[in-house]
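Read the figures in this text as sums done on the coordinates, not as results from a lab. Bear in mind the structure is a predicted one, so any value in this text is a computation, not a measurement. Quick reminder, even Gly has a Cβ in these numbers, built from the backbone with ideal geometry, and neighbours come from all protein chains shown.
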Amino acid sequence: MRRREFGKTNEPASGGTGAGERPIFVIQKHDARTLHYDFRLEVEGVLKSWAVPRGPSTDPRVKRLAVPTEDHPLDYADFEGTIPEAEYGGGTVLVWDTGTYRNLKEEDPDYEPMSMADALASGLVAVWLEGHKLRGGYALVRTGRGEDSRWLLIKMKDEEADARRNPVSTQPESVLTGRTLEQIAAASLQQS
Ligand code: MN
């Protein structure tokens, strides 16, 4: 209970829903049939989502496969717990990182100015993350066409890039509660 309250206070500093506030991102580590990281960006009232099997990298030389998945409601962003195996998204979920982001296409003169929705449609999303574990520019790049289309998640080259860090392995715990997947799964078992 306490932990959950702590998590609430740890939400993006913007907090409320007033105009002009930064949209959020969240990365949920998800121990489903196969472990993956759900990378989600708030766009026009929903969480646009990709499943990243190997998780994000802080090394600009590394490209990580990002498979588009269903939009999720905004209030899913702070969900941690265990979803029954038989249900959609079954498995244990941990909030691996969260914070706010900026659309670089709207502020960086190197890009043609574009809303997030238009950036998604164009197949090139460029965002600046202000998270606990991840900071700096990240690009989501669509490759291929139609059924063969894939997205790649790539750290952009900037002052936050760091080839020596590997937060996926060195910082496995929840940024909301400090818990590991195993602790969350065990807590869920006790409650059921
Ligand atoms: Mn998932």
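A compact table of results
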quantity	calculated
Dipole magnitude of segment 6-191 about its Cα centre (Cβ charges: Lys, Arg +1; Asp, Glu -1), debye to nearest 20	680
LYS157 paired with ARG22, simple spin-label distance in nm, labels 7 Å along Cα-to-beta-carbon	2.5
Relative contact order (percent, whole number), the chain, Cα cutoff 8 Å, 6+ residue spacing	23
Net lengthening on full extension, GLU87/ARG150 (0.36 nm per residue, minus Cα-Cα)	20.1 nm
GLU106/LEU74 FRET efficiency (R0 22 Å; Cβ-Cβ; nearest 0.05)	0.60
Count, lysine Cα pairs under 16 Å in segment 6-191, 8 or more residues apart or across chains	7
Acute angle (nearest 10 degrees) that the helix 181-191 long axis makes with the longest principal axis of the chain, alpha-carbon atoms	40
Fewest-first ranking of PHE79, PHE39, PHE25, using other Cβ atoms within 10 Å as the exposure measure	PHE79, PHE25, PHE39
Dimensions in Å of the chain - Rg and Dmax from alpha carbons	16.4, 53
Potential extension, SER122-GLN191 segment - 0.36 nm per residue separation minus Cα distance	20.4 nm
